[in-house]
């Protein structure tokens, strides 16, 4: 009996020693991150996931510190935008995964060198409080005296979606830096992420907010006095890409995670979480327009990487940060 018990203990210890433990850094909300991990582990119980979440810029700061210390911890990143991943790619810090199951997805949603892959479409538009504000049609419609101090704007120094939005708008010929300069003239102070901006509008502290679509539409569905418009002169968008680090300690588990996010079940989860899925065969969430009905403002990720430092510096100068 003792021999049998000892043998069983050794087997259990051996199994534990070889269990795959995937380390994930993500900018998803805590609730969605937990849902994503739970759904993945339901499909792949053999892979344990340890996850950390924060705003994309904060996660990049952590990564930079880990790089400096020679101790990169995550295997995989699931963050808001392609700009930061483009920088990591340029430094050779992302692993190419040519076999990723992108299927028939639009080639514009993943890196041509197969180092990062979009998982959904999230646009940034204008939320407004239905009790204190009227819907607007364009970005310029926000820039009126009546809205002084009444527009909640996430900071691109914190939010990856806001950073992507900044690059998209300043390179849109009819919008440009002029939009941000006029926001500053109206005493608008960008700060934090999308969550606080939504709360400000829903709570009546602000009339408008420049936020991602899903946050506003989810709040509306829950009964908040809030609605959302997709400005006719265009919206920026991110794809919440996933990438495997070249230093990943569990690269095979990381590949399984990537393929799950791109799979039918992964895309159904995207829709359940209130975002537009990439898979055209998965129905969009209720309340969302068709992608074909939205004017999208794309960015050149390569150009964004090259100009990002200067763009951040000018943004800081405009808002006096």
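Normalising the Debye intensity of the chain to I(0), with uniform scatterers on Cα atoms only, and taking log10 at q = 0.16 Å⁻¹ returns -1.38.
Spatially, segment 50-85 and segment 227-268 are offset by 15 Å when compared through their Cα centroids. Three principal axis extents describe the C-alpha atoms of segment 146-297; from largest down they are 53, 36, 29 Å.
Peptide packing: for 22-31, 75-84, the average count of neighbouring Cβ atoms within 10 Å per residue gives the ranking 75-84, 22-31, highest mean first.
Ranked highest first by the average count of other Cβ atoms within 10 Å around their residues, in what order do 253-262, 93-102 fall?
Result, highest mean first: 253-262, 93-102.
Spatial offset of segment 270-310 relative to segment 103-177 amounts to 10 Å, using the alpha carbon center of each.
So what is the relative contact order of segment 57-133, in percent, for Cα pairs below 8 Å that sit 6 or more residues apart? Reported as a whole number, the value is 19 percent.
In segment 99-180, Cα pairs under 8 Å separated by at least six residues give a relative contact order of 18 percent. Once the Cα atoms are used to define both axes, helix 301-319 deviates from the longest principal axis of the chain by about 50 degrees.
For a Förster distance of 35 Å, can you work out the FRET efficiency between the beta-carbons of residue 46 and residue 306, rounded to the nearest 0.05?
On the way: r = 42 Å, r/R0 = 1.19.
That gives a FRET efficiency of 0.25.
Mean sequence separation of contacting Cα pairs (under 8 Å, at least six apart), scaled by the length of segment 250-312, corresponds to a relative contact order of 16 percent. Please determine, in degrees from 0 to 90 and to the nearest 10, the orientation of helix 176-185 with respect to the longest principal axis defined by the Cα atoms of the chain, where the helix direction is its Cα long axis. Roughly 70 degrees, rounded to the nearest 10. Report note on the peptides 201-207, 115-121, 218-224, 162-168: ranked by the mean count of other C-beta atoms within 10 Å, highest first, their order is 162-168, 115-121, 201-207, 218-224. Specify the angular offset, from 0 to 90 degrees and rounded to the nearest 10, of the alpha carbon long axis of helix 2-17 from the longest principal axis of the alpha carbons in the chain. Helix 2-17 sits roughly 30 degrees off the main axis of the chain.
Only the coordinates and a few stated rules stand behind these numbers; no lab work does. Bear in mind that the values here come from a model prediction, so they are computed numbers and not experimental data. Cβ sites come from the backbone with ideal geometry, for glycine too, and all protein chains shown count toward neighbours.
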